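Structure first, commentary second.
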Amino acid sequence: MSDAITLTGLYKTAESRGKTQSLRALVSSIRRYMSPVALVCLWQVACSLGVLSTRLVASPIQIVVTGWTLVHDGTLPFNLGVSLLRAGSGLGVAITLGVVLALISGLSRIGEDVVDAPLQVLRTLPALALVPLFILWFGIGETPKILLVALGATFPIYLNLHKGIRSIDPKLVEMASTLGLSRWQTIRDVFLPGALPDFLTGLRYAVGVSWLMLVVAEQVNAESGIGHMMMDAQDFLRTDIILVGLLVYGVLGLISDQIVRFLESTLLAWRPDGRKGRKA
Amino acid sequence: MTSTHSYSEADPGTAVIVEQLTRRFNNGPPVLNRLDLAIAPGEFVALLGHSGSGKSTLLRTLAGLDPVTDGAVTRPRKVSVVFQEHRLLPWKRVWKNIVLGQEDKGIRQRAETVLEEVGLSHRSNAWPLTLSGGEAQRAALARALVREPAFLMLDEPFAALDALTRLKMQKLVADLWKKHGCAVLLVTHDVDEALLLADRAVVLERGRIRVDVPITIPRPRRHADPGFEGLRSLLLDALGVHTA
């Protein structure tokens, strides 16, 4: 008898549990945002009271005001455009180069011997150490900046795509051959789509690396771009502008990551839900 | 990949002929040892044998996946293979898998027709990873049939399926064979499956044919047919399983 009573008791609470759970989720999400918001408030208070010198760090309100001014006088949009163009071109070069190299080394043994070994050696070099050499070779125009981005972003694309191509199930390739698919059809229908998940993982890394390389390239030697805007502000002790630049970099990183995630969920729709959008 | 001097493709409708086929791997003992086998057009042959008896090597050679190095193989130009695993591309919808590699206009219609035949038209737009084992194997069968092969090779196609699904698939294969009339080579471990489906059972042992018997029981056959008993013990005996 007591079992039956316990069970009905459970059923009753099960109904109301839905509400309690959603409330709990709301509270926990508020709690997650509470501490960053509190920190920003504390930062503002410290600046207003003069505890934090604006020479060291600008106040949050000042950053918002400066950001607004920079947008209005066209400084931020111009510099952002320049930076985006550099990152975009560099990434474009990296994708082209990475895909071609990965195809060469992924699809033939000879190609692997020729391409893979030097790339594995180059990969271990920190790309940023090449900045002085790049300035010597390519001067201080757009070329070294774009190439620096391309250099950094090529490796994650190449390495992941190469791994993806190599790990294609040989049984699928065999099947393609019994169906009479040509070499090109096999590459298009079997190798490329099969390696796409790994390519997208590589792309996400590559995007992150692009921003990193761009920051350095623009701060070392540039007349425009977000990095230049920040370096310029340094000369005039404008911590507010520097912080606006940092904020922009952060937002750019977030947006590009979201774009790659979106690509993953659309292009990899064939995967069962559990494996979709795996964390990199 | 194939050495053409000893490997010819006959006109459609010609039987499969294997003559003195020998195959070794890395100079080891021969996996196939001067093997002779002929399959008539429209004939259903079941190939039995233990693991390592050369069944798979023979099938792979006939499928063109393994080169003919010693001996000669004649086969129709249009052949299809169904493997134990469905081998569908997970990134292509079922119907696109069926007509993979075919690029003319009527492919969608052909895919739908053959999916209807194997009873899978409702999953035409599904992703392969959402199919059950039986459904995936039906799709693999559809992919083989859409090419209208004169010779169909089945490499233990039901081995990974549960017992009930396997019975349904055996019935499906029997029906499809009756309809299409292609020559079939079924590689299997299952003596009952061979007796249910084939015109002839061939037992392979160490790369040579040990037993080659016709199965003359009238169709449609049922698993419990008493006429199977003599043949079953004969085949099991050849496979080294002594029932008596």
Original post:
So what does residue B:107 come to for accessible area, using a 1.4 Å probe and Å² rounded to 10?
Top reply: 30
Subject >> Proximal charge balance of residue A:253 [Cβ under 14 Å; K/R count +1, D/E count -1] >> reply: +1
**OP:** Note the buried accessible area between B and A here, summed over both chains, with a 1.4 Å probe, in Å² to the nearest 100.
**Re:** 1800
Original post:
Could you give the alpha-carbon Rg of the protein assembly as shown over 2.2 N^0.38 Å, rounded to two decimals?
Top reply: 1.40
**OP:** At most 12 other Cβ atoms within 10 Å and a DSSP loop assignment: could you name the GluC sites (Glu not before Pro) in the range A:164-226 that fit?
**Re:** A:223
**OP:** Looking at the protein assembly as shown, send over the antiparallel percent of its DSSP beta bridges, to the nearest 5.
**Re:** 40
**OP:** For residue B:182, tell me the accessible area in Å² from a 1.4 Å probe, rounded to the nearest 10.
**Re:** 10
**OP:** Working with all protein chains in place, sort A:205, A:249, A:158, A:33 by solvent-accessible area computed with a 1.4 Å probe, largest first.
**Re:** A:33, A:205, A:249, A:158
Subject >> the range A:60-275 - Kirkwood radius from inverse mean 1/r over Cα pairs (Å) >> reply: 19.2
Original post:
Carbon and sulfur: what percent of the range A:60-275's accessible surface (1.4 Å probe)?
Top reply: 72
Subject >> Cβ-based net charge around residue A:119, under 15 Å, with every Lys or Arg adding one and every Asp or Glu removing one >> reply: 0
**OP:** Keeping every protein chain in place, order B:61, A:178 by accessible area at 1.4 Å, biggest value first, i.e. largest first.
**Re:** A:178, B:61
Original post:
Net charge near residue B:202, counting Lys/Arg +1 and Asp/Glu -1 over other residues with Cβ under 9 Å of its Cβ?
Top reply: +1
**OP:** Quick one, could you list the DSSP H helices from chain A stretching 27 Å or more along their long axis (Cα atoms) with average Kyte-Doolittle hydropathy of 0.0 or above?
**Re:** A:2-48, A:75-107, A:142-166, A:192-220, A:239-267
**OP:** Express as a percent, rounded to the nearest 5, the fraction of DSSP beta bridges in chain B (both residues included) that run antiparallel.
**Re:** 40
Subject >> List A:123, B:147, ordered by accessible area with a 1.4 Å probe, largest first >> reply: A:123, B:147
Subject >> Dipole of the protein assembly as shown, positive direction: furthest Cα of A:89, A:20, A:252, with charges on the beta-carbon >> reply: A:20
**OP:** Compute, for residue B:165, the solvent-accessible surface of its heavy atoms (probe 1.4 Å) with the complete set of protein chains present, and express it in square angstrom to the nearest 10.
**Re:** 40
**OP:** At q = 0.08, 0.13, 0.14 Å⁻¹, work out log10 I(q)/I(0) for the range B:4-238 with the Debye formula, treating every Cα as an identical point scatterer and leaving solvent out; two decimals please.
**Re:** -0.30, -0.80, -0.92
Original post:
Which value at 222 nm does chain A reach when only helices count, each DSSP H run of 4 or more adding -39,500 (n - 2.57), with the total divided by all residues and rounded to the nearest 500 deg cm²/dmol?
Top reply: -26000 deg cm²/dmol
**OP:** Would you mind giving the mean number of other chain beta-carbons within 10 Å of the Cβ of each residue in A:167-175, as a whole number?
**Re:** 4
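The values are calculated or read from the model by the stated rules, or taken from the named source; none is laboratory data. Since this is a predicted model, take the numbers as computed values, not measurements. Because the Cβ atoms are built from the backbone with ideal geometry, glycine has one as well, and the counts that use them run over all protein chains shown. Please note that ligands, DNA and RNA were not included when accessible areas were found on the heavy atoms of the full protein model with its side chains. Shrake-Rupley method; radii C 1.70, N 1.55, O 1.52, S 1.80 Å.
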